[in-house]
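See structure below.
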Amino acid sequence: MRVISIANQKGGCGKTTTAINLSSFLAEFGRKVLVIDLDPQAHASYGFGVNSQNLDKSIYNTLTDVPEKRRNLGDVIVHLKANLDLAPSNILLSTLEQELKDKEDAVSKLHLVFAQNTLDYSYIIIDCPPSLGFLTFNALRASDEVIVPIEMSAFSLMGVSKLLGMLELIKIKISHTPRVKALATIYDKRTNFSDVMMGEIKRFFNEDLYKTTIRINVALKKAIYKRVPIDQFDKDAAGAKDYCGLAKEVIDEEKLVSPYREADFTFEAPEAKEVYIAGDFNGWRIEETGRLLRTDDGRWKKRLALAPGKYRYKFYVDGQWVLDSGNRERESNPFGSLDSILKLGEDARN
């Protein structure tokens, strides 16, 4: 599963248009996609024809800690068409930062939601608000990749530099570095200035720029007005051809982005205060990236991305090393005790 944020602190650069139309074309190509509308303005929800202000459940309800408002992610998802679902937004999302201001894991709430749910999607596409605040930080923390739409203006590039600064902060604080690629949008071939700005964007991003360019196209605006993706409005429009090309590029990256497999770990200990996982995949270090997350039923869960192979591991529960009781495969170690064993993929070593 690839988690991709569409982010740029500048508005009007095609961010939501990209989230809507990239997701729709990925679904048309047979990928199962979940769109997370993380903007309190709910523009992505609107563009998909969902009036989220009339819904009693939205992405806000999966992130809040208020018990009577809390809902599972699956409870808020709206089905749009084959292979395409939406977790809609709501104006209540703008209150979330104030609600969670004293919570230690506030900036990781969306990441925790993904970790605590079994999600059967090829892609999660997150439409971020046009700012670098709390919600965008949550999105970047939860993402493996970031697509940065850049319109043909100097202001859009200024927004990019600030976004990259936030990504560096995330790297320093939590050792998480999403992959970043730029997307040139609202390109008008009739103007010399568009060519000048395109040159600047290419110099800034080099290889980290999608080959596809989203041309200025009135059909994209009309599709949003009709509250449908461009492929449902006019498949022959330039905007449809551009976003189809972008979806193909993103799909082509599947074999290049990561060879890693996802492994889910569960440990049942309702009374535990802290649970970590460590093994030869991280040098047996007890660190924040190995901390399991407690669910409401008293279970602790963690999802790790690991290359195919064979791994030794244990849980570290309140200062004590503990075997995985849900995994019967174990082997002796040089210290006279046992380790739990995980084998991933066809290339797992014997």
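Given a Förster distance of 22 Å, report the FRET efficiency between residue 101 and residue 71 from their Cβ-Cβ distance, rounded to the nearest 0.05. All intermediate terms of the calculation are to be shown ahead of the outcome.
Numbers: r = 21 Å, r/R0 = 0.98.
So the FRET efficiency works out to roughly 0.55.
Lys/Arg Cβ at +1, Asp/Glu Cβ at -1, dipole of the range 2-257 taken about the Cα centre: which of 233, 216, 133 is farthest positive-ward?
216
As a test of understanding, state the convex hull volume per residue of the range 186-248 from its alpha carbons, in Å³. Write down the numbers at each step before the final one.
On the way: hull volume 5.5 nm³, N = 63.
Taking the convex hull of the Cα positions in the range 186-248, it is 88 Å³ per residue.
Within 10 Å of each residue's Cβ, count the other Cβ atoms and sort 268, 99, 207 from fewest upward.
Ranked by crowding around the Cβ, least crowded first: 207, 268, 99.
What is the Cα centroid distance between the range 257-316 and the range 7-85, reported in whole angstrom?
Centre-to-centre (Cα) distance: 28 Å.
For residue 162, go through the lysines and keep the ones whose alpha-carbon is under 26 Å away, minus same-chain ones fewer than eight residues off.
Partners found: 10, 15, 101, 103, 109, 171, 173, 181, 202, 211.
Given the -39500 (n - 2.57) contribution per DSSP H run of 4+ residues, what per-residue ellipticity at 222 nm results for the chain, rounded to the nearest 500 deg cm²/dmol?
-9500 deg cm²/dmol
Calculate the dipole size of the range 261-344 relative to its Cα centre from +1 charges on Lys and Arg beta carbons and -1 charges on Asp and Glu beta carbons; express the result in debye to the nearest 20.
Working: 15 positive and 15 negative charges, 53 e Å.
Roughly 260 debye, rounded to the nearest 20.
Could you tell me which of 142, 155, 121 has its Cα farthest along the dipole of the range 73-163 towards the positive end, charges placed at Cβ (Lys, Arg +1; Asp, Glu -1), taken about the Cα centre?
Value: 155.
Once you charge only the Cβ atoms, +1 for Lys and Arg and -1 for Asp and Glu, what is the size of the charge dipole of the range 123-237 about its Cα centre, to the nearest 20 debye?
Working: 17 positive and 13 negative charges, 31 e Å.
Once rounded to the nearest 20, the dipole reads 140 debye.
Could you tally the net charge around residue 155, taking each other residue with its Cβ under 12 Å from the Cβ of residue 155, Lys/Arg +1 and Asp/Glu -1? List each step's numbers first, then the result.
Working: positive: 10, 162; negative: 151.
Within the 12 Å Cβ shell, the charges total +1.
Let me check against my output: what whole-number percent is the relative contact order of the range 261-344, with C-alpha pairs under 8 Å and at least 6 apart? Each step should come with its number before you reach the end.
Working: 160 pairs, mean separation 27.0, N = 84.
With pairs under 8 Å counted, the relative contact order is 32 percent.
State, as an integer percentage, the relative contact order of the chain based on alpha-carbon contacts under 8 Å between residues 6 or more apart.
Numbers: 684 pairs, mean separation 58.4, N = 350.
Across the chain, relative contact order equals 17 percent.
How big is the Kirkwood radius of the range 261-344, worked out from every pair of different alpha carbons and given in Å to one decimal?
Numbers: mean 1/r = 0.0768 Å⁻¹.
That comes to 13.0 Å for the range 261-344.
If you rank 193, 48 by fewest surrounding Cβ atoms within 10 Å, what's the result? Intermediate values should be presented prior to the final figure.
Working: 193 11, 48 25.
Listing 193, 48 from fewest to most nearby Cβ atoms yields 193, 48.
Report the residue, chosen from 126, 150, 201, that carries the largest GNM mean-square fluctuation when the chain is represented by alpha-carbon nodes joined by springs under 10 Å.
201
If every alpha-carbon in the chain counts as one equal scatterer, what log10 I(q)/I(0) does Debye give at q = 0.11 1/Å?
-0.77
Using +1 at the Cβ of each Lys and Arg and -1 at the Cβ of each Asp and Glu in the range 139-272, identify which of 198, 250, 267 lies farthest towards the dipole's positive end.
Farthest along the dipole direction, towards plus: 198.
Give me the net charge of residue 27's neighbourhood, meaning all other residues with Cβ under 13 Å from the Cβ of residue 27; Lys, Arg count +1, Asp, Glu -1.
On the way: positive: 31, 32, 81; negative: 28, 85, 231.
So the environment of residue 27 carries a net charge of 0.
With charges set only on the Cβ (+1 for Lys and Arg, -1 for Asp and Glu), what does the dipole of the chain come to about its Cα centre, in debye to the nearest 20? If you can, show how the numbers build up before the last one.
Working: 49 positive and 49 negative charges, 131 e Å.
The dipole of the chain has a size of about 620 debye.
Tell me, 244, 13, 128 in order of fewest to most beta-carbon neighbours within 10 Å? Write down the numbers at each step before the final one.
Numbers: 244 20, 13 26, 128 29.
The order, fewest Cβ neighbours first, is 244, 13, 128.
If you take every residue apart from residue 234 with its C-beta less than 12 Å away from the C-beta of residue 234, what net charge results, scoring Lys and Arg +1 and Asp and Glu -1?
Values: positive: 221, 222, 226, 235, 241; negative: 231, 236.
Once positives and negatives cancel, what remains is +3.
Computed from the coordinates by the stated procedures, all read-outs in this text should not be read as laboratory data. Treat the numbers as computed from the prediction; the structure is a model and nothing was measured. So basically every Cβ, Gly included, is an ideal-geometry build from the backbone, and we count neighbours across all protein chains shown.
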